[in-house]
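Notes for the one structure printed next.
The values are calculated or read from the model by the stated rules, or taken from the named source; none is laboratory data. Remember, it's a predicted structure, so these values are computed and weren't measured experimentally. Methodologically, a virtual Cβ is constructed for each residue, glycine included, from the backbone with ideal geometry; neighbour enumeration extends over all protein chains shown. Surface areas here come from the heavy atoms of the whole protein model, side chains and all, with no ligands, DNA or RNA. Shrake-Rupley method; radii C 1.70, N 1.55, O 1.52, S 1.80 Å.
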Amino acid sequence: MNIDFEKMNDLVPAIVQDAISGKVLMQGYMNEEALAKTQETGKVTFFSRSKNRLWTKGETSGNFMDYVSMAVDCDRDSILIKAKPRGPVCHTGADTCFFEVNASKTSFIDQLRAIIKDRKNNPNDQSYTASLFAKGINKVAQKVGEEAVEIVIEAKDDNKELFLGEAADLLFHYLVLLEAKGYELDDVMEVLIQRHQK
Ligand SMILES: [Zn+2]
């Protein structure tokens with residue numbers, strides 16, 4: 001990892017970001033032990049300067065932050081931790097220590113897109129997505145058409161579970177179609193942004 005702990009008396013700032021929403025949740029300090037404990041236990045742990053000991057976020061409230069991954073910055077003196085919070089992060093009860101609402105899960109779509117791209121580039125027999133790519137563009141496009149019809153049918157009824165299921169199917173197959181055509185969702189966003197500016 002090669003983090004420069006010595007630069008600031010064995011402590012480096014650790015910024016914690018929600019692994020799904022991308023929101024910045026809080027900032028604390030980690031020493032080498034805190035980072036090791038975070039990775040061993042899977043629960044984000046800091047060195048608390050006020051308590052003068054290791055402090056696992058959530059140890060009293062139960063609102064742990066489950067560790068996902070980490071990155072070190074260009075100067076090797078700051079850590080970015082990605083985590084999944086089990087509840088509100090701040091002791092004030094706010095979603096984040098910067099008082100932002102952390103409700104959106106839409107950035108999960110980027111993870112999903114990365115998975116879809118991987119299934120295209122590294123196909124395996126077990127993967128449904130890979131099997132779609134293998135069948136070719138006509139099949140993928142047809143599937144989007146079928147899912148569109150299914151969501152229309154569910155829209156006429158009042159079954160939340162079935163409607164949301166079809167909405168998820170349509171979105172998923174739409175993303176597969178974009179990937180099959182070699183476009184990014186950002187290409188579509190660009191069109192929407194352009195329209196909005198008019
Ligand atoms: Zn706070």
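Could you check the stretch 137-184 and list, in sequence order, the residues that are open to solvent by 80 Å² or more (accessible area, probe 1.4 Å), within 28 Å of the chain's Cα centre (by Cα) and not aliphatic (A, V, I, L, M)?
Result: Lys160, Glu161, Tyr174, Lys181, Tyr183.
Anything in the stretch 20-34 that is open to solvent by 10 Å² or more (accessible area, probe 1.4 Å) and more than 19 Å from Ala94 (Cβ to Cβ)? List them, or say none.
Correct list: Tyr29, Asn31, Glu32, Glu33.
Can you find, within the stretch 104-117, the residue that is farthest from Ile20 (Cα to Cα) among those that are open to solvent by less than 70 Å² (accessible area, probe 1.4 Å) and part of a loop (DSSP other than H, G, I, E, B)?
For the stretch 104-117, the residue satisfying everything is Ser104.
If you check Met70 against the conditions, is it within 16 Å of the ligand (Cβ to nearest atom) and within 28 Å of Asn2 (Cβ to Cβ)?
no
Which of the residues that make up the stretch 1-60 are in contact (Cβ under 8 Å) with a residue 60 or more places away in the chain and farther than 26 Å from Ile109 by Cα?
Once the filter is applied, which keeps residues that are in contact (Cβ under 8 Å) with a residue 60 or more places away in the chain and farther than 26 Å from Ile109 by Cα, the stretch 1-60 yields Met1, Asn2, Ile3, Asp4, Lys7, Met8, Val12, Pro13.
If you go through the stretch 93-100 one residue at a time, do you hit one that is within 16 Å of the ligand (Cβ to nearest atom), hydroxyl-bearing (Ser, Thr, Tyr), under 30 Å from Gly58 (Cα atoms) and in a loop (DSSP other than H, G, I, E, B)?
yes
If I ask for residues that are part of a strand (DSSP E or B) and basic (Lys, Arg), which ones from the stretch 34-53 would you list?
Lys43, Arg53
Just need a number here: residues in the stretch 1-32 that are in a strand (DSSP E or B) and touching a helix residue (DSSP H, G or I) at 6+ places or on another chain (Cβ under 6 Å).
Looking only at that region, the number is 0.
Is it the case that Lys139 is basic (Lys, Arg), over 30 Å from Thr56 (Cα atoms), outside any loop (DSSP other than H, G, I, E, B) and at pLDDT 95 or above?
Yes.
Within the stretch 54-84, how many residues turn out to be in a strand (DSSP E or B), polar (S, T, N, Q) and within 20 Å of the chain's Cα centre (by Cα)?
So the count comes out to 1.
Please find, within the stretch 111-123, the residue that is nearest to the ligand (Cβ to nearest atom) out of those that are touching a residue at least 12 places away in the same chain (Cβ under 8 Å) and within 17 Å of the chain's Cα centre (by Cα).
The selected residue is Gln111.
Would you tally the residues in the stretch 63-99 being open to solvent by 80 Å² or more (accessible area, probe 1.4 Å) and charged (D, E, K, R)?
4
Take the residues in the stretch 52-82 that are at pLDDT 95 or above and basic (Lys, Arg); name whichever of them is farthest from Val16 (Cα to Cα).
This residue is Arg53.
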